[in-house]
6 protein chains.
Amino acid sequence: MAEALTLVPNNTLITASAEEGRQLAVKMARLIMKATQPDQAVREKLRPVYAEDPALLIQLGQNVALEFATIAAANNYWRR
Amino acid sequence: MAEALTLVPNNTLITASAEEGRQLAVKMARLIMKATQPDQAVREKLRPVYAEDPALLIQLGQNVALEFATIAAANNYWRR
Amino acid sequence: MAEALTLVPNNTLITASAEEGRQLAVKMARLIMKATQPDQAVREKLRPVYAEDPALLIQLGQNVALEFATIAAANNYWRR
Amino acid sequence: MAEALTLVPNNTLITASAEEGRQLAVKMARLIMKATQPDQAVREKLRPVYAEDPALLIQLGQNVALEFATIAAANNYWRR
Amino acid sequence: MAEALTLVPNNTLITASAEEGRQLAVKMARLIMKATQPDQAVREKLRPVYAEDPALLIQLGQNVALEFATIAAANNYWRR
Amino acid sequence: MAEALTLVPNNTLITASAEEGRQLAVKMARLIMKATQPDQAVREKLRPVYAEDPALLIQLGQNVALEFATIAAANNYWRR
């Protein structure tokens, strides 16, 4: 793993809104895959595989859901 | 991913009822798949695949369950 | 998805007992699959597939466990 | 599903100890599978399949872990 | 399942440290598999299967993560 | 499993920042796999398998997400 890669953008889970929290969840899910497979050429070869495979699309969605659960709790669910 | 796509409708996890919270969970689970596969033609080709595959139907249900757990907590479970 | 389908029976996660909460978890897990595959004929064709496939039986059990975790929290675990 | 089947033994998540809580988790995970596949003859045919398949053994363990998380929270983790 | 098998060593989730909590998570994940497959000869045949299969190694790690989440909460995360 | 292997680096879940917490999640997810497969030669043979398999990359990301959820809760989400 490329140790220098940032895994949590801006080093915080706090976001201004639920929408931004969801975007952070997507980014964090991607950054972990980038850390495990740092070779961009390989990642670009893999991307169309999961983007056209319904099982992988669903599993990727599950990772985002799990990251989002943590981010949402961190932000007290952006309750006003 | 199409960055312009809204991932959290109305930018809030707060809903008026458990039923609406569940609908939001379904929408959020779908929007993540839309974000990963923005090509509508491909998504329409994939839909019948998972709608007729029991394993994928179950996995999709799991994603909704995970999204709903977060939404329900955000709404204090709609306790009256 | 058939938007008219009720996803949360009685529009509440609150139940009188743990047993009823568990039954609600089963129903909610099923209703999501019904929403994704509204065609009853297809669902009836799929049912024996997962009822006789140990991997799918286990995965279905996982969905119920996840739904139940949310319902149990909503009910403060039916502590007396 | 056999609606008459009890899904939560004794209709409570509260147990006297962590060990009993874990046993309840095992029972609840099994009862869901029993509810989905009420035919005992089929279940007995499936049992050796997952008992000798490492992937299924692990997945079954995951269901127990999920049920146990809920039961442990219900019991305030049996802290003394 | 061998009902006499202890599923929670020492009948408590409380441990002196995070490291011991993690070891407990590993043990609890294993004991569930032992309970489902009590035949030691079969388990010893299965062990090299999942120890050399990356998918099973990852899934086993997921079970430990889930058990650990419960144990860590029980111990208030060993905060000092 | 090599009992002497440290499973929680520094024996604490508390980290100075979200970024360090995420790095700890990655390490803890790896250490469990190392504990299950202590033979470094085998692990090095398995690594390219999951680094080039999109399903395994996603599953590995899920393990990190689960470990991170626990670590983030332990740190009160690094709220300032």
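A few notes on this one:
- For chain D, the Cβ-based charge dipole about the Cα centre amounts to some 200 debye (Lys, Arg positive; Asp, Glu negative; other atoms uncharged).
- In region E:40-80, the ratio of gyration radius to Kirkwood radius, Rg to Rh, stands at 1.21 when only Cα atoms are counted.
- Accessible area per residue, Å², region C:17-78 with all protein chains present, probe 1.4 Å: 34 Å²
- Separation of region B:3-52 and region C:55-80, taken as the distance between their Cα centroids, equals 23 angstrom.
- As an equivalent ellipsoid, the protein assembly as shown spans semi-axes of 29, 29, 24 angstrom, where each value is the square root of five times an eigenvalue of the C-alpha gyration tensor, largest first.
- Selected from E:65, E:55, E:29 as most flexible by GNM, with chain E as the system and alpha-carbon contacts under 10 Å: E:55
- Inter-copy label distances at residue D:4 (7 Å, Cα→Cβ; nm, one decimal): 3.5, 3.5, 6.1, 6.1, 7.0
- Kirkwood radius and radius of gyration were both taken over the C-alpha atoms of chain D, and their ratio Rg/Rh is 1.02.
- Dipole orientation for region B:17-78: of the candidates B:75, B:28, B:57, B:28 has the Cα lying most toward the positive pole (charges on Cβ; Lys, Arg +1; Asp, Glu -1).
- Computed with a 1.4 angstrom probe on protein heavy atoms, the C-B interface buries about 2600 square angstrom of accessible area in total.
- Members of region C:36-57 that become less accessible by 40 Å² or more once partner protein chains are added (1.4 angstrom probe, chain alone as reference): C:36, C:37, C:46, C:51, C:52, C:54, C:56, C:57
- Helices meeting the span-like rule in chain A (full DSSP H runs, Cα extent of at least 15 Å along the helix axis, mean Kyte-Doolittle score of 0.5 or higher): A:54-74.
- Expected 222 nm ellipticity per residue - DSSP helices of 4 or more, -39500 (n - 2.57), all of the protein assembly as shown, to 500: -22000 deg cm²/dmol
- Cα-centre dipole for the protein assembly as shown with unit charges at Cβ (Lys and Arg positive, Asp and Glu negative), debye to 20: 1100 debye
- Ligands, DNA and RNA left out, the 1.4 Å accessible surface of region C:17-78 is 50% carbon and sulfur atoms.
- Label point 7 Å beyond Cα along the C-beta direction, distances from residue F:52 to other copies (nm, shortest first): 2.0, 2.0, 3.4, 3.4, 3.9
- In a DSSP loop and with at most 13 other Cβ atoms within 10 Å, the GluC sites (Glu not before Pro) in region C:1-55 are C:3.
- Between copies, the label points at residue C:16 (set 7 angstrom from Cα along Cα-to-Cβ) are spaced 2.9, 2.9, 5.0, 5.0, 5.8 nm, reported in nanometres from shortest to longest.
The values are calculated or read from the model by the stated rules, or taken from the named source; none is laboratory data. Keep in mind the model is a prediction, meaning the values are calculated, not measured. Reconstructed Cβ throughout: ideal geometry from the backbone, glycine too, with neighbour counts over all protein chains shown. Side chains are part of the model used for accessible areas, which takes the heavy atoms of the whole protein and leaves out ligands, DNA and RNA. Shrake-Rupley method; radii C 1.70, N 1.55, O 1.52, S 1.80 Å.
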